[in-house]
Structure formats: structure tokens, C-alpha cells
Amino acid sequence: MFFLDFYLYRTYQHTNTPGCAVGVDAPGLDTWTAAYGMADLEHAVANMPATVFEVGSVSKQFTAAAVLLLVDRGQVSLDDNIHRYFPEIPTYERPITVRQLLNHTSGLRDWGEVESFAGWPRTTREYTHAHVLEIISRQHVLNYPPGDAWSYTNSGYNLAAMLVERISGMTLQAFCLKEFFEPLGMTSTQWRDDFRRIVPNRAIAYSMHGSEWRQDMPFEDIYGNGGLLTTVGDLLKWNSNLATGKLHPSVFELMQKPGSLSNGHSINYGFGLFLLNFETLAEVSHSGATAGYRAWLGRIPAKGVSVAVLCNAGSANPTDYDGLLDLFVVNGHVYPGVDKQDWGTTWAQRPLLMRNLDGVKFQEVPPATGSGLAVVITGRGAAFGDLFNDGHMDVVINSVDSTPTLLRNVVKNSNHWVTLKLVGGPKSPRDAIGAKAFVTAGGVRQRGDVISGGSYASSSDQRLHFGLGTATKVDKVEIHWPSGAKEQITLPEVDRIYTVVEGKGIVER
């Protein structure tokens, strides 16, 4: 935990920033908790281990457990056609099952994405489950036949929450309180099914707007896909039961079984849980993000270690411009008929983002709610660039037998950046191919090279983008031109795009 503690302390242990709470449970050791930054900037209230945060899609495992408990009691079958419980939803050529709702294999479109296309993305208006059901009921076509592919969608888990309420005759809050929260001693946990309700000890969520923090709260009565309010301590109690199964053992065991596609291929998602690998060890985890809240809950079963991280800073993101290059991989099998074979792979695959952990190792980032990491495509190449000139690196994916996919980077945080567009002089190519730039800021020296190619059939932005972390100025810039000339320039500000011409310095910004 030293790295996590050091990173959070360095980034968020301030009285003018939001922050995070962390909890760790390991065999033979006392539970370790810590908190950083402020829960409420307006009233100068600090985050504590007992502070209540919203956990985003970490909530999905609680919804899944509620449905599986009904299954265990014979009130619902995982193979039931959901039309039995939701006659409002269209009849599709192939029925959607309860299992497919929970495994993200239903083919349903994400209702929030549909509303974004309609001009009303989430957080721009108040939504309820009645709105969600209406949106889903108007979708007469699915993304793919149910069971044929995997794609992350909130719609399935909103329906799952409604399913619990329709079958049990109780609100999801009342059901979970009786069956999970009270028996496990999770005294600080509840569903945000009324965003106007006062919640003691709740942290306000924030995101960066320009150079200042502003409130970024989830003002909607949507839950099941997200919406759980809890603490790191309560999450560790939940994870402990995932490991021991003292409460409802058959339910918690089933949650951790991988799902499968209609062709029999296994997926790395169970019921509300990602089933991944951390180095050589199995990892059971889920991330979450809603408005300005960020969360991660995971455990390593072989070691008996559980970790909970809850943040009220929208900047607590993997793609954080910290000056450390991450890895992004797109792929798809070369043989279209692979889906007809039991080879353990598929024709279409989702992109992979590997986060650089302080230059020591890389860690896979699970697909977050509504993110491009959940898109299933037959990727052949990727081009990277700041398409909207906002300092955010976007990705265009070249797919075979399909249209290109644009992943726009909408991360908001307090870190800084600079971009250099290099133009060669009389003795260098005009496009400056082969030029190198060295940027030093915050004690870190980075190198960028102007190259002409990229991945397969793709060519990235030739401008050089540098993430500066928390540094607010650039100490030194040295450029090595293809002609052999070297020059140093001074950048007056960060968060800017500069055009630099060989021998003339900055000509545009």
C-alpha cells in the first residue's frame, strides 16, 4: 500500500482540494484506513475514513446480489425472458434473459448514451427509473442478438433494480437493508434513490472547471447501475463476505462465476464483478464513476487482501496527464469465423488501457461506465491526437469491415499539459519528421519524437503532447532538429499549444 498512500498523500492531502478515503484488509493485520483532502470545500470539512461517498458502478455487485437472492429463493430464474417482468419492453427476435442483464450480454443500448445523442446527457436534467424504462422501451433494435457479445451497459442494471422491486414488493433500499446491510453491519450504506435526502457525513463531489474546483453532484434518482452511498469500512465488510460467504453463501459464490456468450466462450465478468488478473494472481474487482465521484473495490482471493478506494475528486482518473505514458491496445481476431470455434477468443474485442503506475509497472483499467473501453470492435489500428485542441488526447480506432470509432477524452482534472507543433526550417523537413523535444517540468524530463507512422494503417497527431502532472510551469524545453541544430525555448504558460519554427522560436500560441 505504500505506493497508493504516497500517491494520494502527494496529490490530495491539501485543505483546498477534495480527496479520497482508503481501506485495506489483509490477513493477520489490523484493518488500515486513511483519508486525504476535503469532504466539503465550502465548509472546510476534511475527509475521514468514515466519510460517505457514492461508488458509481461498484454498486452493480449489490444489485446483482439482490437478484441472485431472489433466484436462490426460486422467485426468479436467470433464464427467464425479461419480457415476463417488463411487458413495456419490445419483443425482440431473440429474448433477453435475466442472466444477460447481469452479464452485460443483453445487447441493450445504454440509456444514458441514447439520451446524450438526443441532446440531454446525464447531469443535464433530472432522471428517474420511469424515464429509463421509457427510453429502453423505445429501442426496437438491439446492438447485437442477446448473448452473442459483451458490452458494458447501465440499462441492464437499472432493469435489474426494478426487477427486485417488482418481485419483492419492496424498494431496493428496504430489500438490501434487510438482506445485506443490517446483517453485515454496514451501518453507513444506503441507496441514493432520492438525491434530495440529507445524508450525514457525505462528501460533496467536485470536478475541475478551468483552474477551480466546482461541485459535480449526481442529481438524479437512478440507482442499481450506480447510486450506492457507503464508506471504505462498509465496503471491506462486504468484500469479507464475498470471501467467506457466511451470509447467503450460494449467492456470493455464484456472483464470482464468469459468464459466457451464446457460443460458449467465457467472459471476464461475473454478476456485477470483473474477474481479472493482477500479475499472476486472480483479481475480483470493479471500478465506479458518477459525476465527480470515483471508486474502486477489489480483492486478491489468493492473498486474502481487499482494497477500497473512494474519492470525491473527478480528477482521480487513470488518464491523468501525470507525465507517465500509459498503454492503449486495440485488437480483433484475424479470422472472422473464430466465433464459430471454441478457441477462447472472439472476432470482436474491446480495447485495453494499461495504466502506468509511477513508471514501475502497468495495470489494466477495467471499462468504466459509458467509457470507450466497453466498446467491442474488430480493431486494426489506433491513431492518437488532440482532435479538439483542448489538451486531451483522443483516439480514433480503425476497424475492419466497420466504421472508425472515435473515443473522445472527457477527463476533467487539475493536472497540466503543453503541446508543441514543430515546423522545420530550410535544412530540416517542413513536417519536422525526426525532430526530438525534451521538456522538463516538476523535476521530470520527458522526450517526444515527431514520427510519420503509428499503428497499423493509422498515423497519429504529429504534434508532441506532454502531461505535466501538478507542475504549473515548464522549466526547460530543448529541441533537436533533423538538421542537427539544437535550440532552447521558454514557454510562458502551461495548458497551451505552441507552434515552434526552427531558428525562429515560438511563432503562434
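Collect the residues in the range 159-178 that are among the hydroxyl-bearing types (Ser, Thr, Tyr), open to solvent by less than 40 Å² (accessible area, probe 1.4 Å) and out of contact with any Leu (no Cβ under 8 Å at 6 or more places or on another chain), keeping them in residue-number order. Explain how you work it out, then say what you get.
We begin by selecting, within the range 159-178, every residue among the hydroxyl-bearing types (Ser, Thr, Tyr); these are 168, 171.
Now drop any that are not open to solvent by less than 40 Å² (accessible area, probe 1.4 Å), which leaves 168.
The answer is none; no residue qualifies.
Residue by residue through the range 238-256, note down the ones that are in a helix (DSSP H, G or I) and under 16 Å from Gly270 (Cα atoms). First the steps, then the outcome.
Taking the range 238-256 and keeping what is in a helix (DSSP H, G or I), we get 238-244, 249-255.
Listed by number, the residues that qualify are Asn239, Leu242, Ala243, Pro249, Ser250, Val251, Phe252, Glu253, Leu254, Met255.
Considering the range 78-96 alone, what residues qualify as being among the aliphatic types (A, V, I, L, M) and more than 14 Å from Asn143 (Cα to Cα)? If you could, list the steps in order and put the result at the bottom.
Residues of the range 78-96 that are among the aliphatic types (A, V, I, L, M), as a first pass: 78, 82, 89, 96.
Within the range 78-96, Leu78, Ile82, Ile89 qualify.
Within the range 473-488, work out how many residues are touching a strand residue (DSSP E or B) at 6+ places or on another chain (Cβ under 6 Å) and part of a loop (DSSP other than H, G, I, E, B). Full working, then the answer.
Kept after step one, since they are touching a strand residue (DSSP E or B) at 6+ places or on another chain (Cβ under 6 Å), are these residues of the range 473-488: 474-480, 486-488.
The next check asks that each one be part of a loop (DSSP other than H, G, I, E, B); those that pass are 474-475.
Qualifying residue count for the region: 2.
Would you confirm whether or not the range 465-481 contains a residue that is under 13 Å from His416 (Cα atoms), at pLDDT below 90 and charged (D, E, K, R)?
Of the residues in the range 465-481, the ones under 13 Å from His416 (Cα atoms) are 465-474.
Keeping just the survivors that are at pLDDT below 90 gives 467-473.
When the remaining residues are screened for being charged (D, E, K, R), the result is 473.
Yes, the conditions are met somewhere in the range 465-481.
Being exposed (fewer than 13 other Cβ atoms within 10 Å of the Cβ) and within 27 Å of the chain's Cα centre (by Cα) narrows it down to one residue among Arg202, Arg192, Arg196; which is it?
Arg196
Give the range 179-213 a look and list any residue that's in a strand (DSSP E or B), in contact with a Leu (Cβ under 8 Å, 6 or more places away or on another chain) and over 26 Å from Leu69 (Cβ atoms), or say none. I'd like the intermediate steps shown before the answer.
Filtering the range 179-213 down to residues in a strand (DSSP E or B) leaves 190-191, 202, 206-209, 212-213.
Checking which are in contact with a Leu (Cβ under 8 Å, 6 or more places away or on another chain) leaves us with 190-191, 202, 206, 213.
Result: Arg202, Tyr206, Trp213.
Pick from the range 97-118 the residues that are touching a residue at least 40 places away in the same chain (Cβ under 8 Å) and of a type in the set (A, V, I, L, M, F, W, C): which of them is nearest to Ile135 (Cα to Cα)?
Residues of the range 97-118 touching a residue at least 40 places away in the same chain (Cβ under 8 Å): 97-113.
Subsequent filtering for residues that are of a type in the set (A, V, I, L, M, F, W, C) retains 98, 101-102, 108, 111.
Details: Val98: 19, Leu101: 16, Leu102: 19, Leu108: 11, Trp111: 6 Å.
Only one residue fits best here, namely Trp111.
Pick from the range 384-402 the residues that are open to solvent by less than 20 Å² (accessible area, probe 1.4 Å) and small (Gly, Ala, Ser): which of them is nearest to Arg350 (Cα to Cα)?
The selected residue is Ser399.
The rows are residues; the columns are (1) buried (at least 17 other Cβ atoms within 10 Å of the Cβ); (2) in contact (Cβ under 8 Å) with a residue 40 or more places away in the chain; (3) of a type in the set (Asp, Glu); (4) in contact with a Leu (Cβ under 7 Å, 6 or more places away or on another chain).
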{"site": "Gly227", "(1), (2), (3), (4)": "yes, yes, no, no"}
{"site": "Val251", "(1), (2), (3), (4)": "yes, yes, no, yes"}
{"site": "Gly264", "(1), (2), (3), (4)": "no, yes, no, no"}
{"site": "Ser287", "(1), (2), (3), (4)": "yes, yes, no, no"}
{"site": "Ile300", "(1), (2), (3), (4)": "yes, no, no, yes"}
{"site": "Val305", "(1), (2), (3), (4)": "yes, yes, no, no"}
{"site": "Asp326", "(1), (2), (3), (4)": "yes, no, yes, yes"}
{"site": "Val330", "(1), (2), (3), (4)": "yes, yes, no, no"}
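Applying the selection to the range 436-470, what residues are over 30 Å from Thr378 (Cβ atoms), touching a residue at least 60 places away in the same chain (Cβ under 8 Å) and in a loop (DSSP other than H, G, I, E, B)?
If the condition is that a residue be over 30 Å from Thr378 (Cβ atoms), touching a residue at least 60 places away in the same chain (Cβ under 8 Å) and in a loop (DSSP other than H, G, I, E, B), then Gly442, Thr470 are the ones that fit.
Every residue, every condition in (1) modelled with pLDDT of 90 or more; (2) assigned to a strand (DSSP E or B), yes or no:
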site: Gly264; (1), (2): yes, no
site: Phe271; (1), (2): yes, no
site: Asn277; (1), (2): no, yes
site: Glu283; (1), (2): yes, yes
site: Arg299; (1), (2): yes, yes
site: Ala302; (1), (2): yes, no
site: Val307; (1), (2): yes, yes
site: Ser315; (1), (2): no, no
site: Asp320; (1), (2): no, no
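May I ask you to list the residues in the range 416-464 that are crowded, with 20+ Cβ neighbours inside 10 Å, of a type outside the set (Val, Ile, Thr) and within 20 Å of Val396 (Cα to Cα)? So that I can check it myself, show each step before the final result.
Narrowing the range 416-464 to residues crowded, with 20+ Cβ neighbours inside 10 Å: 416-420, 422, 424, 428, 432, 435, 437, 439, 441, 450, 464.
From what is left, the residues that are of a type outside the set (Val, Ile, Thr) are 416-417, 420, 422, 424, 428, 432, 435, 437, 441, 464.
Leu464, the sole residue that qualifies.
Does Asp40 satisfy being without any contact (Cβ under 8 Å) to a residue 12 or more places away in the chain and farther than 30 Å from Ala160 by Cα?
Working: without any contact (Cβ under 8 Å) to a residue 12 or more places away in the chain: no; farther than 30 Å from Ala160 by Cα: yes.
No, not satisfied.
Given the residues Thr231, Thr244, which is the only one that is within 27 Å of Tyr36 (Cβ to Cβ) and more than 19 Å from the chain's Cα centre (by Cα)? Give the steps one after another, and end with the answer.
Details: Thr244 fails: within 27 Å of Tyr36 (Cβ to Cβ).
After ruling out the rest, the residue left standing is Thr231.
Output the residue which, of all residues in the range 465-498 that are more than 16 Å from Ile433 (Cβ to Cβ) and hydroxyl-bearing (Ser, Thr, Tyr), is surrounded by the most Cβ atoms within 10 Å (Cβ to Cβ). It would help to see each step written out before you state the result.
Pass one, the range 465-498, residues more than 16 Å from Ile433 (Cβ to Cβ): 465-478, 486-498.
Those left that are additionally hydroxyl-bearing (Ser, Thr, Tyr): 470, 472, 490, 498.
Working: Thr470: 15, Thr472: 13, Thr490: 11, Tyr498: 22.
Among them, the one singled out is Tyr498.
The values are calculated or read from the model by the stated rules, or taken from the named source; none is laboratory data. These figures come from a predicted structure and were not determined experimentally. Cβ coordinates were reconstructed from backbone atoms using ideal geometry, including for glycine residues, and neighbour counts include every protein chain displayed. What goes into the accessible areas is simple: the full protein's heavy atoms, side chains included, and nothing from ligands, DNA or RNA. Shrake-Rupley method; radii C 1.70, N 1.55, O 1.52, S 1.80 Å.
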